[in-house]
1. Taking N as the number of residues in the chain, what value does Rg over Cα atoms divided by 2.2 N^0.38 Å take?
2. Would you please give the FRET efficiency between residue 31 and residue 124, computed as 1/(1 + (r/R0)^6) with r the Cβ-Cβ distance and R0 = 45 Å, to the nearest 0.05?
3. Please work out how much length the chain gains when fully extended from residue 212 to residue 224, using 0.36 nm per residue of separation minus the C-alpha to C-alpha distance, in nm with one decimal.
4. Calculate the FRET efficiency for residue 42 and residue 92 from the Cβ-Cβ distance with a Förster distance of 22 Å, rounded to the nearest 0.05.
5. Points 7 angstrom from Cα along the Cβ direction at residue 20 and residue 60: gap in nanometres?
6. Rounded to the nearest 500 deg cm²/dmol, what is the calculated helix-only ellipticity per residue at 222 nm for the chain, with -39500 (n - 2.57) per DSSP H run of length n ≥ 4?
7. Rounded, prolate or oblate: which one fits region 94-241, using the alpha carbon gyration tensor with axes a ≥ b ≥ c (rounded when a/c is under 1.5, else prolate when a/b beats b/c, else oblate)?
8. Mind jotting down the distance between the C-alpha centroids of region 1-47 and region 185-236, whole Å?
Ligand SMILES: CC(C)(COP(=O)(O)OP(=O)(O)OC[C@H]1O[C@@H](n2cnc3c(N)ncnc32)[C@H](O)[C@@H]1OP(=O)(O)O)[C@@H](O)C(=O)NCCC(=O)NCCS
């Protein structure tokens with residue numbers, strides 16, 4: 001991973017804003033979720049615009065331009081149009097030479113699935129440079145009258161540039177899994193197009209699955225929890241993040257979270273947290289990062305990567 005960028009809508013929705021029309025309080029939301037505010041697209045721009053800004057920032061960070069990109073993977077389940085997805089238009093606007101372009105939907109675990117796919121394409125030699133984007137406008141599929149979900153979900157985009165090279169570690173095989181038995185605990189129906197969730201059940205599964213997957217990812221990478229410099233888990237709720245870190249035995253100072261100001265942006269959540277961690281000085285080149293995510297399906301995953309590891313000379 002050689003570059004990262006992100007973009008957020010300008011419009012800020014604070015907890016206080018919900019007090020005007022929902023039976024909730026700023027204090028409840030902060031205590032039960034850790035969230036203070038979130039961003040919503042308010043009609044002035046589309047998700048494509050937001051994703052484009054994130055991609056341009058990531059390319060600039062990587063010192064590359066659009067023509068270098070072979071493949072674009074966008075993780076989203078809230079694209080601007082049902083079809084085509086976001087990826088082909090982004091590939092065009094970025095100036096790629098007709099790069100492969102695909103949207104993937106793995107709910108809140110989408111970025112991890114996309115990143116693992118990009119690594120597999122690169123390792124097999126089919127692709128040299130891939131752009132992996134998480135872009136989501138959950139405000140479009142949130143019921144404003146449902147206090148159990150309206151306060152949680154938000155909009156944002158982030159992108160990473162992934163390149164081939166000879167690394168000591170790079171990106172080891174991710175642990176990806178699913179359990180379709182629980183598809184009714186977090187879903188959006190075709191007709192209604194609104195997220196419905198059994199919050200407590202989702203909470204319980206999210207913690208257990210992300211912990212299990214992270215342990216397995218460490219095992220596959222031949223590492224232990226002591227090797228982890230930074231832990232970033234899906235930014236759903238501060239209590240979920242804390243519980244997962246506690247069970248894994250990762251100390252607080254190694255856990256990065258931005259859920260307080262970003263809330264749950266589904267597939268954009270992990271790359272947004274990665275970028276914000278870097279901007280905050282909490283993530284440096286060479287650091288070992290453990291990532292984990294969980295979402296509707298259920299689907300989940302975890303992976304270990306070395307942050308912006310340098311390519312060996314001559315590779
Ligand atoms: C949604 C969530 C914040 C609710 O917190 P919780 O501590 O589990 O609360 P409960 O669901 O047990 O609800 C407790 C009470 O608070 C109420 N409540 C729910 N949302 C509320 C809100 N925004 N303000 C005030 N009260 C609220 C419930 O209606 C319930 O009331 P009742 O006891 O009268 O029935 C929490 O379950 C959660 O974060 N779940 C996981 C969500 C998630 O991460 N989803 C995406 C994963 S990809």
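1. So the chain has a normalised radius of gyration of 0.93.
2. 0.40
3. Using 0.36 nm per residue and subtracting the Cα-Cα distance, I get 3.0 nm.
4. FRET efficiency, residue 42 to residue 92: 0.30.
5. Roughly 3.3 nm, to one decimal.
6. That comes out to -9500 deg cm²/dmol.
7. oblate
8. 21
Each value in this text was obtained by applying a stated rule to the coordinates, not by laboratory testing. Predicted model only: the values in this text are computed from it and were never measured. We place every Cβ from the backbone using ideal geometry, glycine too, and count neighbours over all the protein chains shown.
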